[in-house]
Amino acid sequence: MSIIEKAEEGRRGPKKVKRAEKACCALSGPLRPSQALSGLLVGGVNSPVRAFRRVGASPVILRSGRGAWVTDTHGRRSLDFIMGWGALILGHNHPQVLTAIQKQLSQGTLLGLTTELEGQLAQAICEAIPSIERIRFTPSGTEACMTAIRLARAWTRRTKILTFEGCYHGHSDVLLGQDAGVPSSLAQEQLEAPYNNIEALEDIMKRRGSELAGVIVEPVAANMGVVVPDRGWLTRLRALTTTHGIVLIFDEIVTGFRLRDGGIQETMGVKPELTTLGKIIGGGFPVGAVGGQAAIMDQLAPSGAVYHAGTFAGHPVTMAAGLATLKMLRQRQPYERLEAMGDQLASGLREGAQRQGIAVHVNQIGSMLTVFFANTKQFAAFANGLRAQRVMIPPSPYETWFLSAVHTASQIEQVVDRARRLYAA
Ligand SMILES: *Cc1c(COP(=O)(O)O)cnc(C)c1O
(Lines give C-alpha, C1' and ligand atoms only; values in the text may rest on other atoms or scores of the structure.)
Protein backbone atom coordinates (compact mmCIF):
# COMPACT_ATOMS: atom_id res chain seq x y z
CA MET A 1 0.00 0.00 0.00
CA SER A 2 1.39 3.40 -0.92
CA ILE A 3 1.92 6.16 1.60
CA ILE A 4 -0.99 8.05 0.02
CA GLU A 5 -3.30 5.01 0.16
CA LYS A 6 -2.46 4.58 3.83
CA ALA A 7 -3.29 8.20 4.57
CA GLU A 8 -6.55 7.92 2.64
CA GLU A 9 -7.47 4.76 4.48
CA GLY A 10 -6.79 6.51 7.77
CA ARG A 11 -9.20 9.25 6.73
CA ARG A 12 -12.02 7.24 5.16
CA GLY A 13 -11.48 3.68 6.31
CA PRO A 14 -10.31 0.80 4.07
CA LYS A 15 -11.24 0.93 0.40
CA LYS A 16 -10.11 -1.02 -2.64
CA VAL A 17 -7.69 1.18 -4.55
CA LYS A 18 -6.60 0.21 -8.04
CA ARG A 19 -2.87 0.11 -8.27
CA ALA A 20 -1.50 2.87 -10.50
CA GLU A 21 0.97 2.00 -13.21
CA LYS A 22 4.49 2.70 -12.05
CA ALA A 23 5.69 5.91 -13.67
CA CYS A 24 8.60 5.26 -15.95
CA CYS A 25 11.46 7.68 -16.12
CA ALA A 26 12.64 8.25 -19.67
CA LEU A 27 16.19 8.65 -18.42
CA SER A 28 16.28 5.67 -16.06
CA GLY A 29 19.35 3.46 -15.87
CA PRO A 30 22.94 4.38 -15.22
CA LEU A 31 24.02 7.74 -16.59
CA ARG A 32 27.53 9.12 -16.55
CA PRO A 33 27.60 12.18 -14.25
CA SER A 34 28.39 14.52 -17.16
CA GLN A 35 25.43 13.13 -19.14
CA ALA A 36 23.20 13.59 -16.13
CA LEU A 37 24.33 17.20 -15.80
CA SER A 38 23.74 18.15 -19.41
CA GLY A 39 20.61 16.04 -19.80
CA LEU A 40 18.80 16.56 -16.52
CA LEU A 41 19.78 20.01 -15.27
CA VAL A 42 18.26 22.86 -17.25
CA GLY A 43 21.04 24.18 -19.45
CA GLY A 44 23.39 21.83 -17.60
CA VAL A 45 23.61 24.20 -14.62
CA ASN A 46 21.80 25.56 -11.58
CA SER A 47 22.67 29.20 -12.23
CA PRO A 48 22.95 30.62 -15.76
CA VAL A 49 26.43 32.17 -15.63
CA ARG A 50 27.92 28.74 -14.91
CA ALA A 51 26.93 27.66 -18.41
CA PHE A 52 29.87 29.61 -19.98
CA ARG A 53 27.59 30.60 -22.88
CA ARG A 54 28.89 34.17 -23.00
CA VAL A 55 32.32 32.81 -23.84
CA GLY A 56 30.98 30.15 -26.20
CA ALA A 57 32.27 27.30 -24.04
CA SER A 58 30.63 24.45 -22.15
CA PRO A 59 30.26 24.35 -18.38
CA VAL A 60 33.42 23.65 -16.42
CA ILE A 61 32.75 20.94 -13.89
CA LEU A 62 34.72 21.29 -10.69
CA ARG A 63 35.67 18.74 -8.10
CA SER A 64 37.35 20.71 -5.34
CA GLY A 65 38.74 23.99 -4.11
CA ARG A 66 41.66 24.72 -1.83
CA GLY A 67 43.19 28.08 -1.01
CA ALA A 68 43.34 30.10 -4.21
CA TRP A 69 42.90 27.06 -6.45
CA VAL A 70 40.09 25.01 -7.94
CA THR A 71 40.43 21.55 -9.48
CA ASP A 72 38.16 20.25 -12.22
CA THR A 73 36.97 16.70 -12.81
CA HIS A 74 39.94 16.05 -15.10
CA GLY A 75 42.29 16.94 -12.26
CA ARG A 76 43.28 20.28 -13.84
CA ARG A 77 44.15 22.90 -11.23
CA SER A 78 43.43 26.57 -11.93
CA LEU A 79 44.08 29.75 -10.03
CA ASP A 80 40.59 30.92 -9.09
CA PHE A 81 39.31 34.46 -9.49
CA ILE A 82 35.62 33.57 -9.25
CA MET A 83 36.06 32.77 -5.55
CA GLY A 84 32.47 31.75 -4.97
CA TRP A 85 31.34 34.93 -6.76
CA GLY A 86 32.96 36.98 -4.03
CA ALA A 87 31.89 34.92 -1.02
CA LEU A 88 35.30 33.37 -0.39
CA ILE A 89 37.42 36.31 0.72
CA LEU A 90 39.58 33.95 2.80
CA GLY A 91 39.97 31.46 -0.05
CA HIS A 92 38.60 27.96 -0.39
CA ASN A 93 38.46 25.80 2.72
CA HIS A 94 40.20 28.20 5.07
CA PRO A 95 41.43 26.11 8.04
CA GLN A 96 39.83 28.28 10.76
CA VAL A 97 36.52 28.42 8.93
CA LEU A 98 36.65 24.69 8.31
CA THR A 99 37.27 24.03 12.02
CA ALA A 100 34.26 26.17 12.96
CA ILE A 101 32.08 24.33 10.43
CA GLN A 102 33.22 20.92 11.64
CA LYS A 103 32.62 21.89 15.26
CA GLN A 104 29.07 22.96 14.42
CA LEU A 105 28.44 19.85 12.30
CA SER A 106 29.23 17.70 15.30
CA GLN A 107 26.57 19.61 17.27
CA GLY A 108 23.87 19.12 14.65
CA THR A 109 23.28 20.37 11.14
CA LEU A 110 19.91 22.04 11.56
CA LEU A 111 18.37 22.62 14.95
CA GLY A 112 15.14 24.30 13.88
CA LEU A 113 15.19 26.78 16.75
CA THR A 114 17.43 29.69 17.63
CA THR A 115 21.12 29.22 18.42
CA GLU A 116 23.58 31.57 20.11
CA LEU A 117 25.56 31.72 16.88
CA GLU A 118 22.87 33.92 15.31
CA GLY A 119 23.36 36.50 18.07
CA GLN A 120 27.13 36.33 17.72
CA LEU A 121 27.10 36.85 13.96
CA ALA A 122 24.51 39.62 14.35
CA GLN A 123 26.79 41.34 16.86
CA ALA A 124 29.84 41.05 14.62
CA ILE A 125 27.88 42.62 11.76
CA CYS A 126 26.23 45.38 13.79
CA GLU A 127 29.58 46.38 15.30
CA ALA A 128 31.13 46.62 11.86
CA ILE A 129 28.21 48.41 10.16
CA PRO A 130 26.79 51.07 12.52
CA SER A 131 23.65 51.74 10.43
CA ILE A 132 22.49 48.19 11.21
CA GLU A 133 20.64 48.29 14.53
CA ARG A 134 18.58 45.18 13.92
CA ILE A 135 19.11 42.30 11.53
CA ARG A 136 17.28 39.31 10.04
CA PHE A 137 19.16 36.46 8.36
CA THR A 138 17.83 34.79 5.21
CA PRO A 139 19.09 31.83 3.18
CA SER A 140 20.03 33.97 0.16
CA GLY A 141 20.77 37.50 -0.97
CA THR A 142 17.71 37.38 -3.19
CA GLU A 143 15.46 36.94 -0.18
CA ALA A 144 17.26 39.67 1.75
CA CYS A 145 16.59 42.21 -1.04
CA MET A 146 13.01 41.00 -1.49
CA THR A 147 12.38 41.46 2.22
CA ALA A 148 14.04 44.89 2.24
CA ILE A 149 11.59 45.98 -0.46
CA ARG A 150 8.64 44.63 1.49
CA LEU A 151 9.83 46.55 4.56
CA ALA A 152 10.18 49.77 2.55
CA ARG A 153 6.68 49.38 1.14
CA ALA A 154 5.17 48.71 4.55
CA TRP A 155 7.05 51.64 6.09
CA THR A 156 6.06 54.22 3.49
CA ARG A 157 2.70 52.73 2.43
CA ARG A 158 3.81 53.36 -1.13
CA THR A 159 4.45 50.75 -3.80
CA LYS A 160 6.98 52.01 -6.36
CA ILE A 161 10.64 50.99 -6.21
CA LEU A 162 13.56 52.64 -7.95
CA THR A 163 16.47 50.56 -9.20
CA PHE A 164 19.47 51.45 -11.35
CA GLU A 165 20.46 50.06 -14.72
CA GLY A 166 23.08 47.35 -14.45
CA CYS A 167 22.56 46.65 -10.76
CA TYR A 168 21.50 43.20 -9.62
CA HIS A 169 19.50 42.46 -6.50
CA GLY A 170 18.68 38.79 -6.95
CA HIS A 171 15.94 37.14 -8.96
CA SER A 172 12.78 37.91 -7.01
CA ASP A 173 9.72 39.08 -8.94
CA VAL A 174 9.84 42.46 -7.23
CA LEU A 175 13.37 43.28 -8.38
CA LEU A 176 13.84 41.54 -11.70
CA GLY A 177 12.00 44.11 -13.81
CA GLN A 178 10.59 42.87 -17.06
CA ASP A 179 11.14 39.15 -17.40
CA ALA A 180 9.12 36.31 -18.87
CA GLY A 181 6.98 35.16 -15.95
CA VAL A 182 6.90 38.46 -14.08
CA PRO A 183 3.44 40.04 -14.38
CA SER A 184 3.64 43.39 -16.15
CA SER A 185 1.57 44.87 -13.31
CA LEU A 186 4.44 44.04 -10.98
CA ALA A 187 7.17 45.18 -13.37
CA GLN A 188 5.35 48.53 -13.55
CA GLU A 189 6.00 48.99 -9.85
CA GLN A 190 9.71 49.09 -10.57
CA LEU A 191 11.19 52.26 -12.07
CA GLU A 192 14.71 52.32 -13.41
CA ALA A 193 17.25 55.12 -13.75
CA PRO A 194 20.79 55.14 -15.15
CA TYR A 195 23.54 54.44 -12.62
CA ASN A 196 25.76 57.27 -11.43
CA ASN A 197 23.85 59.98 -13.31
CA ILE A 198 22.89 62.97 -11.16
CA GLU A 199 20.64 64.72 -13.71
CA ALA A 200 18.59 61.57 -14.35
CA LEU A 201 18.31 61.06 -10.61
CA GLU A 202 17.13 64.63 -9.97
CA ASP A 203 14.64 64.26 -12.80
CA ILE A 204 13.04 61.01 -11.69
CA MET A 205 12.90 62.19 -8.09
CA LYS A 206 11.15 65.37 -9.13
CA ARG A 207 8.59 63.49 -11.21
CA ARG A 208 8.06 60.31 -9.19
CA GLY A 209 9.73 60.82 -5.80
CA SER A 210 6.45 61.01 -3.90
CA GLU A 211 5.40 57.58 -5.25
CA LEU A 212 8.59 55.80 -4.25
CA ALA A 213 8.69 53.42 -1.30
CA GLY A 214 12.34 52.54 -1.69
CA VAL A 215 15.47 52.98 -3.71
CA ILE A 216 17.84 50.04 -3.85
CA VAL A 217 21.38 50.44 -5.12
CA GLU A 218 24.73 48.68 -5.20
CA PRO A 219 26.96 51.42 -3.70
CA VAL A 220 29.75 49.95 -5.83
CA ALA A 221 28.29 48.03 -8.72
CA ALA A 222 29.61 44.51 -9.22
CA ASN A 223 27.11 42.97 -11.62
CA MET A 224 27.80 45.04 -14.73
CA GLY A 225 31.46 44.60 -14.14
CA VAL A 226 32.92 46.79 -11.42
CA VAL A 227 31.62 50.36 -11.56
CA VAL A 228 32.53 52.78 -8.79
CA PRO A 229 30.05 55.66 -8.71
CA ASP A 230 30.85 59.23 -7.73
CA ARG A 231 30.49 59.81 -4.04
CA GLY A 232 28.54 62.95 -4.93
CA TRP A 233 25.91 60.85 -6.69
CA LEU A 234 25.43 58.68 -3.62
CA THR A 235 25.24 61.68 -1.28
CA ARG A 236 22.69 63.30 -3.62
CA LEU A 237 20.73 60.06 -3.60
CA ARG A 238 20.80 60.12 0.19
CA ALA A 239 19.62 63.73 0.31
CA LEU A 240 16.79 63.22 -2.20
CA THR A 241 15.51 60.03 -0.58
CA THR A 242 15.42 61.85 2.76
CA THR A 243 13.53 64.79 1.24
CA HIS A 244 10.92 62.50 -0.29
CA GLY A 245 10.64 60.14 2.70
CA ILE A 246 11.93 57.18 0.69
CA VAL A 247 13.71 54.23 2.30
CA LEU A 248 17.26 54.02 0.95
CA ILE A 249 18.53 50.46 0.66
CA PHE A 250 22.21 49.69 0.07
CA ASP A 251 22.75 46.29 -1.46
CA GLU A 252 26.12 45.45 0.06
CA ILE A 253 25.87 41.75 -0.72
CA VAL A 254 29.17 41.99 -2.58
CA THR A 255 30.77 45.02 -0.92
CA GLY A 256 29.99 44.07 2.69
CA PHE A 257 33.30 43.00 4.32
CA ARG A 258 34.91 42.93 0.85
CA LEU A 259 36.58 46.36 0.78
CA ARG A 260 36.92 46.99 4.51
CA ASP A 261 35.85 45.42 7.77
CA GLY A 262 32.19 46.39 7.39
CA GLY A 263 30.27 48.10 4.62
CA ILE A 264 31.46 50.46 1.88
CA GLN A 265 28.81 52.86 3.25
CA GLU A 266 31.25 54.16 5.89
CA THR A 267 33.90 54.87 3.26
CA MET A 268 31.32 56.59 1.07
CA GLY A 269 30.00 58.52 4.06
CA VAL A 270 26.40 57.66 3.24
CA LYS A 271 24.08 56.00 5.73
CA PRO A 272 21.14 54.05 4.32
CA GLU A 273 18.05 53.05 6.29
CA LEU A 274 18.46 49.42 5.24
CA THR A 275 21.39 47.31 4.10
CA THR A 276 21.35 43.89 2.50
CA LEU A 277 24.25 41.51 2.98
CA GLY A 278 25.15 38.04 1.77
CA LYS A 279 28.09 36.21 0.21
CA ILE A 280 31.05 36.84 2.60
CA ILE A 281 28.94 36.78 5.79
CA GLY A 282 28.03 33.12 5.09
CA GLY A 283 31.64 31.91 4.99
CA GLY A 284 30.91 29.81 1.87
CA PHE A 285 27.37 28.74 2.80
CA PRO A 286 24.03 30.04 1.49
CA VAL A 287 23.18 33.28 3.24
CA GLY A 288 21.60 36.69 3.12
CA ALA A 289 20.68 39.34 5.66
CA VAL A 290 18.67 42.51 5.82
CA GLY A 291 19.42 44.99 8.55
CA GLY A 292 19.05 48.64 9.43
CA GLN A 293 17.04 51.11 11.46
CA ALA A 294 15.35 49.38 14.35
CA ALA A 295 11.91 50.92 13.76
CA ILE A 296 11.84 49.80 10.12
CA MET A 297 13.21 46.35 10.89
CA ASP A 298 10.77 45.85 13.77
CA GLN A 299 7.97 45.76 11.24
CA LEU A 300 9.03 42.15 10.58
CA ALA A 301 7.08 39.27 12.09
CA PRO A 302 6.84 38.41 14.93
CA SER A 303 7.35 42.03 16.09
CA GLY A 304 5.31 43.53 13.29
CA ALA A 305 3.02 42.77 10.39
CA VAL A 306 5.55 42.23 7.57
CA TYR A 307 5.95 38.52 7.07
CA HIS A 308 9.28 36.83 6.65
CA ALA A 309 10.27 33.31 7.65
CA GLY A 310 12.65 30.56 6.63
CA THR A 311 13.35 26.94 7.45
CA PHE A 312 17.03 27.57 6.79
CA ALA A 313 17.19 31.20 7.95
CA GLY A 314 20.07 31.61 10.42
CA HIS A 315 21.30 28.10 9.63
CA PRO A 316 23.79 27.08 12.36
CA VAL A 317 26.49 25.88 9.97
CA THR A 318 26.22 29.09 7.95
CA MET A 319 26.34 31.18 11.11
CA ALA A 320 29.44 29.30 12.34
CA ALA A 321 31.20 29.70 8.99
CA GLY A 322 30.24 33.37 8.72
CA LEU A 323 31.29 34.14 12.27
CA ALA A 324 34.68 32.45 11.81
CA THR A 325 35.16 34.44 8.59
CA LEU A 326 34.31 37.80 10.13
CA LYS A 327 36.54 37.05 13.14
CA MET A 328 39.46 36.25 10.84
CA LEU A 329 38.84 39.41 8.84
CA ARG A 330 38.75 41.53 11.97
CA GLN A 331 41.93 39.95 13.36
CA ARG A 332 43.98 39.82 10.18
CA GLN A 333 42.68 42.93 8.39
CA PRO A 334 43.73 41.68 4.95
CA TYR A 335 42.27 44.72 3.20
CA GLU A 336 45.47 46.69 2.58
CA ARG A 337 47.17 43.64 1.14
CA LEU A 338 44.10 42.81 -0.96
CA GLU A 339 44.05 46.34 -2.28
CA ALA A 340 47.76 46.22 -3.14
CA MET A 341 47.23 42.97 -5.07
CA GLY A 342 44.18 44.44 -6.78
CA ASP A 343 46.23 47.49 -7.83
CA GLN A 344 49.04 45.23 -9.04
CA LEU A 345 46.65 43.11 -11.13
CA ALA A 346 44.81 46.10 -12.57
CA SER A 347 47.94 48.03 -13.54
CA GLY A 348 49.60 44.90 -14.94
CA LEU A 349 46.57 44.11 -17.10
CA ARG A 350 46.34 47.73 -18.27
CA GLU A 351 50.02 48.12 -19.12
CA GLY A 352 50.16 44.77 -20.90
CA ALA A 353 47.27 45.76 -23.13
CA GLN A 354 48.66 49.23 -23.77
CA ARG A 355 51.96 47.79 -24.92
CA GLN A 356 50.14 45.69 -27.53
CA GLY A 357 47.86 48.54 -28.52
CA ILE A 358 44.76 46.69 -27.33
CA ALA A 359 41.90 48.82 -26.04
CA VAL A 360 40.85 47.56 -22.61
CA HIS A 361 39.40 49.28 -19.59
CA VAL A 362 40.25 47.78 -16.26
CA ASN A 363 37.89 48.90 -13.52
CA GLN A 364 39.08 48.03 -10.05
CA ILE A 365 38.45 48.86 -6.45
CA GLY A 366 40.41 46.93 -3.83
CA SER A 367 40.07 43.21 -4.48
CA MET A 368 37.32 43.59 -7.13
CA LEU A 369 38.16 43.99 -10.79
CA THR A 370 36.73 43.79 -14.30
CA VAL A 371 38.47 43.89 -17.67
CA PHE A 372 36.29 45.49 -20.34
CA PHE A 373 37.16 44.78 -23.98
CA ALA A 374 35.85 46.45 -27.12
CA ASN A 375 33.58 43.49 -27.82
CA THR A 376 32.41 40.21 -26.33
CA LYS A 377 34.41 38.16 -28.84
CA GLN A 378 37.65 39.64 -27.51
CA PHE A 379 36.50 39.00 -23.96
CA ALA A 380 35.66 35.37 -24.81
CA ALA A 381 39.09 34.81 -26.37
CA PHE A 382 40.72 36.35 -23.29
CA ALA A 383 38.69 34.36 -20.76
CA ASN A 384 39.09 31.09 -22.66
CA GLY A 385 42.79 31.79 -23.21
CA LEU A 386 43.38 32.41 -19.52
CA ARG A 387 41.43 29.28 -18.62
CA ALA A 388 43.60 27.24 -21.00
CA GLN A 389 46.57 28.60 -18.99
CA ARG A 390 44.94 27.56 -15.74
CA VAL A 391 43.55 30.91 -14.67
CA MET A 392 39.82 30.79 -13.91
CA ILE A 393 38.10 34.14 -14.37
CA PRO A 394 34.32 34.63 -14.49
CA PRO A 395 32.98 33.46 -17.87
CA SER A 396 31.09 36.72 -18.46
CA PRO A 397 32.27 40.26 -19.11
CA TYR A 398 29.69 41.50 -16.58
CA GLU A 399 30.96 39.50 -13.64
CA THR A 400 33.61 40.67 -11.21
CA TRP A 401 36.95 38.98 -10.59
CA PHE A 402 37.57 38.54 -6.88
CA LEU A 403 40.89 38.25 -5.08
CA SER A 404 41.17 36.49 -1.76
CA ALA A 405 43.48 36.82 1.21
CA VAL A 406 45.28 33.65 0.11
CA HIS A 407 46.24 34.91 -3.33
CA THR A 408 49.86 36.08 -3.52
CA ALA A 409 51.74 38.81 -5.36
CA SER A 410 53.70 36.21 -7.33
CA GLN A 411 50.47 34.56 -8.48
CA ILE A 412 49.22 37.95 -9.63
CA GLU A 413 52.48 38.45 -11.54
CA GLN A 414 51.95 35.10 -13.28
CA VAL A 415 48.43 36.06 -14.29
CA VAL A 416 49.69 39.35 -15.72
CA ASP A 417 52.35 37.43 -17.70
CA ARG A 418 49.76 35.06 -19.10
CA ALA A 419 47.46 37.92 -20.01
CA ARG A 420 50.38 39.61 -21.83
CA ARG A 421 50.91 36.48 -23.91
CA LEU A 422 47.22 36.53 -24.82
CA TYR A 423 47.27 40.21 -25.76
CA ALA A 424 50.27 39.49 -28.00
CA ALA A 425 48.65 36.49 -29.68
C1 LIG B 1 24.77 37.85 -5.48
C2 LIG B 1 24.00 39.08 -5.35
C3 LIG B 1 22.64 39.07 -4.97
C4 LIG B 1 21.85 37.81 -4.83
O5 LIG B 1 22.32 36.97 -3.83
P6 LIG B 1 21.97 35.39 -3.93
O7 LIG B 1 22.55 34.84 -2.66
O8 LIG B 1 22.66 34.91 -5.17
O9 LIG B 1 20.50 35.27 -4.01
C10 LIG B 1 22.02 40.28 -4.76
N11 LIG B 1 22.68 41.43 -4.91
C12 LIG B 1 23.97 41.49 -5.28
C13 LIG B 1 24.64 42.81 -5.41
C14 LIG B 1 24.65 40.31 -5.55
O15 LIG B 1 25.92 40.36 -6.00
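From Phe382, Phe372, which residue is of a type in the set (Phe, Trp, Tyr), part of a strand (DSSP E or B) and not assigned by TED's automatic domain parsing to the domain that holds Thr138?
Numbers: Phe382 fails: part of a strand (DSSP E or B).
Exactly one of Phe382, Phe372 is of a type in the set (Phe, Trp, Tyr), part of a strand (DSSP E or B) and not assigned by TED's automatic domain parsing to the domain that holds Thr138, namely Phe372.
Please indicate, with yes or no, whether at least one residue in the range 149-162 is more than 16 Å from the ligand (Cβ to nearest atom), aromatic (Phe, Trp, Tyr), buried (at least 20 other Cβ atoms within 10 Å of the Cβ) and modelled with pLDDT of 95 or more. Yes: the range 149-162 contains one or more residues that are more than 16 Å from the ligand (Cβ to nearest atom), aromatic (Phe, Trp, Tyr), buried (at least 20 other Cβ atoms within 10 Å of the Cβ) and modelled with pLDDT of 95 or more. With (1) more than 19 Å from Gly141 (Cα to Cα); (2) touching an Asp or Glu at 6+ places or on another chain (Cβ under 7 Å) as the list, and Val217 as the residue in question, which single condition is left unmet? Only one criterion in (1) more than 19 Å from Gly141 (Cα to Cα); (2) touching an Asp or Glu at 6+ places or on another chain (Cβ under 7 Å) is unmet by Val217, namely (1).
Has the range 179-187 got at least one residue that is under 21 Å from the mean Cα position of the chain (by Cα), within 16 Å of the ligand (Cβ to nearest atom) and at pLDDT 95 or above? Looking through the range 179-187, none of the residues is under 21 Å from the mean Cα position of the chain (by Cα), within 16 Å of the ligand (Cβ to nearest atom) and at pLDDT 95 or above.
Residues in the range 190-213: is at least one surrounded by fewer than 18 Cβ atoms within 10 Å (Cβ to Cβ), within 16 Å of the ligand (Cβ to nearest atom) and modelled with pLDDT of 95 or more? Checking the range 190-213: at least one residue is surrounded by fewer than 18 Cβ atoms within 10 Å (Cβ to Cβ), within 16 Å of the ligand (Cβ to nearest atom) and modelled with pLDDT of 95 or more. In the set Glu266, Glu273, only one residue is of a type in the set (D, E, K, R), under 16 Å from Val215 (Cβ atoms) and away from the ligand (no atom under 16 Å from the Cβ); that residue is Glu273. Here Leu248 passes the criteria (1) in contact (Cβ under 8 Å) with a residue 40 or more places away in the chain; (2) within 20 Å of the chain's Cα centre (by Cα) except the one numbered (1). Taken over the range 238-247, the criterion of being in contact with a helix residue (DSSP H, G or I) (Cβ under 6 Å, 6 or more places away or on another chain) and either at pLDDT below 95 or buried (at least 24 other Cβ atoms within 10 Å of the Cβ) (or both) is satisfied by Val247 alone. For the range 54-101, the set of residues classified as among the polar types (S, T, N, Q) and buried (at least 21 other Cβ atoms within 10 Å of the Cβ) consists of Ser78 only. The number of residues in the range 350-361 being assigned to a helix (DSSP H, G or I) and in contact with a Leu (Cβ under 8 Å, 6 or more places away or on another chain) comes to 0.
Here's the yes/no breakdown for (1) over 18 Å from the mean Cα position of the chain (by Cα); (2) assigned to a helix (DSSP H, G or I); (3) in the same structural domain as Leu175 (by TED's automatic domain parsing); (4) of a type outside the set (Ser, Thr, Tyr):
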{"residue": "Thr99", "(1), (2), (3), (4)": "yes, yes, yes, no"}
{"residue": "Thr109", "(1), (2), (3), (4)": "yes, no, yes, no"}
{"residue": "Gly119", "(1), (2), (3), (4)": "yes, yes, yes, yes"}
{"residue": "Glu127", "(1), (2), (3), (4)": "yes, yes, yes, yes"}
{"residue": "Pro130", "(1), (2), (3), (4)": "yes, no, yes, yes"}
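The sole residue among Gly84, Gly39, Gly67 that is modelled with pLDDT of 95 or more and either away from the ligand (no atom under 16 Å from the Cβ) or of a type in the set (Lys, Arg) (or both) is Gly67.
Screening Ser347 against (1) crowded, with 17+ Cβ neighbours inside 10 Å; (2) in a helix (DSSP H, G or I) leaves a single unmet condition, (1).
The criterion of at least 2 residues that are among the hydrophobic types (A, V, I, L, M, F, W, C) and over 30 Å from Val360 (Cβ atoms) is met, among helices (runs of 4 or more DSSP H) falling completely within the range 213-327, by 231-243, 294-297.
The values are calculated or read from the model by the stated rules, or taken from the named source; none is laboratory data. Treat the numbers as computed from the prediction; the structure is a model and nothing was measured. Note that each Cβ is placed from the backbone with ideal geometry, even for glycine, and that neighbours are counted across all protein chains shown.
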